[in-house]
Amino acid sequence: MINVSDTTGTAVSLPVGKGVGEGLYSPIGIFDSGYGGLTILEGIRRQLPQYDYLYLGDNARAPYGPRSFDVVYEFTRQAVVKLFSLGCHLVILACNTASAKALRTIQQCDLPRLDPQRRVLGIIRPTAEVIGTLTSTRHVGVLATEGTIRSDSYRLEIQKLHPDIVVTGVACPLWAAIVEAGEACSPGADYFVSKRIGQLMESDPMIDTIILGCTHYPLLMPKIRKHLPKGVSVVAQGDYVASSLADYLNRRTAIASQCSKGGTVRYLTTENPQRFQETAQLFLNQPVEAMHIMFT
């Protein structure tokens with residue numbers, strides 16, 4: 001059992017198990033620096049409702065976007081270790097910045113030491129895998145946080161699989177803040193959305209497909225669609241990540257068998273749980289109960 005605290009500060013416990021064969025709690029871990037990963041979680045749950053899920057938001061230290069590679073790696077490693085300690089055999093980095101700046105190091109350097117039988121996956125590659133079927137002009141745009149754009153991860157991943165695709169990225173530093181402030185539908189959001197889309201299309205007018213490279217951005221979808229040029233489509237990650245995970249679990253039955261199937265979801269945050277619950281409702285359109293947890 002792992003002790004955490006609820007919204008009242010009362011200590012409660014989470015069950016920890018090793019596998020479904022023992023009838024114990026062994027959820028799929030979903031990690032994000034904040035709230036955006038909830039859009040990934042919901043996409044996964046729609047396709048794979050049978051599994052247990054444990055969402056961990058490092059809201060106290062968000063945003064990760066402006067932070068250095070070293071800091072993002074260390075924060076992400078701490079979260080992965082914590083989720084492992086809570087029984088997760090599979091962890092999804094539902095954060096583009098963490099996927100861009102920390103995933104490779106964790107997979108190559110940390111997992112062999114922590115537990116070679118466990119897995120950590122990111123959310124950039126699933127989008128890169130399908131993008132070749134979505135673009136006709138072979139010119140793709142990426143709208144993301146400063147950290148994700150600076151990492152160049154989308155271009156690198158896409159061109160590994162589709163060398164002919166031209167990738168252009170633009171950072172949208174205020175979009176996530178607009179979403180978390182509950183202003184995604186406000187008239188003020190139009191200015192910032194229009195500005196960044198215009199900047200992207202000016203950089204490459206041949207773009208016909210735009211990837212939303214931040215998990216907050218789907219909440220801005222009505223505004224994004226409003227300002228998209230005619231003939232340009234937009235790609236959110238949730239469903240593609242979910243399909244990729246479903247395929248992964250079908251092909252890797254040993255990992256799938258380690259994930260318990262109780263159809264539950266629990267939410268952990270490094271921030272005040274009440275604050276998390278209030279903001280999470282913006283993403284999920286339903287109330288949630290969260291518990292506070294610390295990495296140390």
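The values are calculated or read from the model by the stated rules, or taken from the named source; none is laboratory data. Nothing here was measured: the structure is a model prediction, and the numbers come from that model. When we count neighbours, we look across all protein chains shown, and the Cβ atoms used for this are built from the backbone with ideal geometry, even at glycine.
The figures follow:
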quantity: Residues satisfying the stated conditions in the stretch 68-93, i.e. outside any helix (DSSP H, G or I) and either within 16 Å of the chain's Cα centre (by Cα) or more than 27 Å from Ala236 (Cα to Cα) (or both); calculated: Leu86, Gly87, Leu90, Val91, Ile92, Leu93
quantity: Scope the stretch 140-167; condition surrounded by fewer than 17 Cβ atoms within 10 Å (Cβ to Cβ), under 22 Å from Met206 (Cβ atoms) and not hydrophobic (A, V, I, L, M, F, W, C); matching residues; calculated: Asp152, Gln159, Lys160, Pro163, Asp164
quantity: Subset of the stretch 36-67 that is assigned to a loop (DSSP other than H, G, I, E, B), of a type outside the set (Asp, Glu) and within 16 Å of Ser99 (Cβ to Cβ) - its residue that is modelled with the lowest pLDDT; calculated: Gly65
quantity: Criterion: out of contact with any Gly (no Cβ under 6 Å at 6 or more places or on another chain), at pLDDT 95 or above, at positive phi and not hydrophobic (A, V, I, L, M, F, W, C) - qualifying residue of Arg77, Arg138, Arg104; calculated: Arg138
quantity: Out of Cys109, Cys88, sole residue that is surrounded by fewer than 19 Cβ atoms within 10 Å (Cβ to Cβ) and at pLDDT 95 or above; calculated: Cys109
quantity: Residue check for Tyr217: touching a strand residue (DSSP E or B) at 6+ places or on another chain (Cβ under 6 Å) and among the aromatic types (Phe, Trp, Tyr); calculated: no
quantity: Residue selected from the stretch 248-267 under the condition among the charged types (D, E, K, R) and more than 17 Å from Leu93 (Cα to Cα), by the criterion surrounded by the fewest Cβ atoms within 10 Å (Cβ to Cβ); calculated: Arg251
quantity: Subset of the stretch 129-161 (residues that are more than 23 Å from Ser68 (Cα to Cα) and either without any contact (Cβ under 8 Å) to a residue 12 or more places away in the chain or in the same structural domain as Ala98 (by TED's automatic domain parsing) (or both)); calculated: Thr133, Gln159
quantity: Residue selected from the stretch 1-35 under the condition within 17 Å of the chain's Cα centre (by Cα) and among the aromatic types (Phe, Trp, Tyr), by the criterion modelled with the highest pLDDT; calculated: Phe31
quantity: Helices (runs of 4 or more DSSP H) contained in the stretch 94-160 and holding at least 2 residues touching a helix residue (DSSP H, G or I) at 6+ places or on another chain (Cβ under 8 Å); calculated: 96-101, 124-130, 146-151
quantity: Filtered residues of the stretch 161-174 (kept if modelled with pLDDT of 95 or more and either in a loop (DSSP other than H, G, I, E, B) or more than 16 Å from Thr127 (Cα to Cα) (or both)); calculated: His162, Pro163, Asp164, Ile165, Val170, Ala171, Cys172
